[in-house]
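The values are calculated or read from the model by the stated rules, or taken from the named source; none is laboratory data. Owing to the predicted nature of the structure, the values given are computational and were not obtained by experimental measurement. Cβ atoms come from the backbone with ideal geometry, glycine included; neighbour counts cover every protein chain shown. Surface accessibility is based on the protein's heavy atoms, side chains included, excluding ligands, DNA and RNA. Shrake-Rupley method; radii C 1.70, N 1.55, O 1.52, S 1.80 Å.
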Amino acid sequence: MNATSAAVTAAVTFVWLGMVLGISFLEAPLKFRAPGVTVPLGLGIGRLVFRALNAVEALLAVVVIVAVVTGGPSVPVGLAAAASVAVLAVQLAAVRPVLNRRSDRVLAGENPPRSRAHLFYVAFELAKVAALLVLGISALAA
């Protein structure tokens, strides 16, 4: 992988990783512990925050794809980039819509049954964190 593409890939990857860690594993669980934050209020905030995060993630994924494709990637870089982007795509296309439908119901005043979709989202976040770590380290080693 050429030096410029490797540097861009590593930098963008670690920014992406930091955003995921900061929002998904710090902000999201803590907001419900703040005084006065109800479940509907927390869900409303969470939807806005995750919509923004996912939009930025999609942009960062495009930058990573371009940097990797133009840089002549090694196998680990190519696989980790593909895994990171694939996990994000599954989250956006399959898991987020389910979570949005449930949060729509809660925000409308209903009390829907608990959903396993949130657990799937967290599992995909963990997989994405692992893939991004591998990608960032592999890009630095390239």
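The table below gives the values:
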{"read-out": "Options V49, V98, L135, ranked by Cα towards positive dipole end of the chain, top entry (Cβ charges)", "value": "V98"}
{"read-out": "Most mobile of N54, N100, N111 in a GNM of the chain (Cα contacts under 10 Å)", "value": "N111"}
{"read-out": "Shape category assigned to the stretch 13-56 from the gyration tensor of Cα positions, a/c cut at 1.5", "value": "oblate"}
{"read-out": "Descending semi-axes in whole angstrom, ellipsoid equivalent of the stretch 61-142, from the Cα gyration tensor", "value": "34, 12, 8"}
{"read-out": "Angle in degrees between helix 96-107 and the longest Cα principal axis of the chain, rounded to the nearest 10", "value": "20"}
{"read-out": "Ratio of Rg to Rh over the stretch 1-101 (Cα coordinates, Kirkwood Rh, two decimals)", "value": "1.07"}
{"read-out": "Per residue, in Å², the accessible surface of the chain once ligands and nucleic acids are set aside, probe 1.4 Å", "value": "54"}
{"read-out": "Helix 75-90 vs. the chain, principal-axis angle (Cα, 0 to 90°, nearest 10)", "value": "20"}
{"read-out": "Rounded to the nearest 10 Å², the accessible area of T4 at probe 1.4 Å", "value": "100"}
{"read-out": "For F14, net neighbour charge (Lys/Arg +1, Asp/Glu -1) across residues whose Cβ lies under 14 Å away", "value": "0"}
{"read-out": "Tilt relative to the chain, helix 39-71 - C-alpha long axis, 0 to 90 degrees, to 10", "value": "10"}
{"read-out": "Fraction of accessible area attributable to carbon and sulfur, the stretch 1-78 (%, probe 1.4 Å)", "value": "80"}
{"read-out": "Dipole magnitude of the chain, debye to nearest 20 (Cβ charges: Lys/Arg +1, Asp/Glu -1, about Cα centre)", "value": "460"}
{"read-out": "Stretch gain in nm, segment V39-N2, where the contour uses 0.36 nm per residue and the Cα spacing is subtracted", "value": "8.5 nm"}
{"read-out": "Within the stretch 35-70, backbone nitrogen closer than 13 Å to the virtual label 7 Å beyond the Cα of L126 toward Cβ", "value": "none"}
{"read-out": "Net charge of Cβ neighbours under 12 Å - reference L41; Lys, Arg +1; Asp, Glu -1", "value": "+2"}
